[in-house]
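This is the structure I want to talk about, given as structure tokens.
The values are calculated or read from the model by the stated rules, or taken from the named source; none is laboratory data. Not measured: the values here are computed from a predicted model. In this analysis, Cβ positions are derived from the backbone assuming ideal geometry, glycine residues included, and neighbour counts consider all displayed protein chains.
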Amino acid sequence: MVSNHARRKHPVSPAESHRPRQAGTRKQPLSRKHVLRAAIAIADVEGLDAVSMRRLAADLGAGPMSLYRHVATKDELVTQMADEVFGESELPDPGPPGWRAKLELIARQQWELCRRHLWLPRAVSFTRPALVPNVMAHTEWTLRALDGLGLPVTTRIREALTLHGLVVTVALSMAAEVESEQETGVTLDGWRLAQQKRADQLLDSGRFPLLATVPTELASDLGGLFEYGLARHLDGFATLLEDQARTQS
């Protein structure tokens, strides 16, 4: 896992606003879990850019140097934050019967994690994966769901990565919309209203008759998009298994 740090700040409600304590006033010794949960709380509200050792120490009422006993760098901190978040998800053993039900379960669990922690997709790297137990447990669980299907290991790992990539792709759009609303102060409904005249001009021109039939709100239904993408992806994977069974018979 690599910290592709999100340049985003999420909307802050009065209840969520942070009031840092004076550094050095903390009575109890810090634990790794305290550090990670405090960092996650900041990122959930304000994004990864807001997470720094200085800010974290202020929120915890500790000296910045005391944090380095738990994490050496911000990249390591982000990796450990992601691992902590992946640990929120309980992976059943053995899980529901059948490969499809298992893949639906793991994809939906990861989707919920990304909805809860909008910064999470940007903390994931496919080329430099995190060597931390909770993240690895998700990949291991997915590979186990594919075990016994007669697939080569390259197909199984590509399926595991593709399934996670589907989750991350839609989740990035969700995070980007939150960022846009926070940075511009314009809600999605407000943006649509501002674009209405231009949209009407284009769609009434007759050049885009099929687009003109699409309900305006359909493209922004990211939950529906995720479910559609998941279903169609698994349909395709089922076809792959059927083709393999025919060639082996």
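Check whether at least one residue in the range 198-215 is without any contact (Cβ under 8 Å) to a residue 40 or more places away in the chain and at positive phi, and report yes or no.
For the range 198-215, residues without any contact (Cβ under 8 Å) to a residue 40 or more places away in the chain and at positive phi: present.
Going through the range 118-152 one residue at a time, which ones are closer than 29 Å to Pro97 by Cβ, part of a helix (DSSP H, G or I) and small (Gly, Ala, Ser)?
Ala137, Ala145
What number of residues in the range 209-222 are modelled with pLDDT of 90 or more, part of a loop (DSSP other than H, G, I, E, B) and surrounded by 11 or more Cβ atoms within 10 Å (Cβ to Cβ)?
1
If the requirement is being within 23 Å of Val124 (Cα to Cα), modelled with pLDDT of 90 or more and part of a helix (DSSP H, G or I), which of these qualifies: Leu241, Leu202, Leu225?
Criteria check complete, one pass: Leu225.
Ok, one more. Among all residue pairs at least 6 apart or on different chains, which show Cβ distances below 7 Å where the first residue, located in the range 36-63, is over 26 Å from Glu181 (Cα atoms) and the second is among the aliphatic types (A, V, I, L, M) and surrounded by fewer than 18 Cβ atoms within 10 Å (Cβ to Cβ)?
Ala57/Ala23; Ala58/Ala23; Gly61/Ala23; Ala62/Ala23; Gly63/Ala23
Which one of Ala175, Ala194, Ala130, Ala145 is touching a Lys or Arg at 6+ places or on another chain (Cβ under 7 Å) and modelled with pLDDT under 95?
When all the criteria are applied, what remains is Ala175.
Another question about this same structure. Does Arg21 satisfy the criteria of being within 25 Å of Gly185 (Cβ to Cβ), modelled with pLDDT under 90 and among the basic types (Lys, Arg)?
Considered against the rule, which asks whether it is within 25 Å of Gly185 (Cβ to Cβ), modelled with pLDDT under 90 and among the basic types (Lys, Arg), Arg21 comes out as no.
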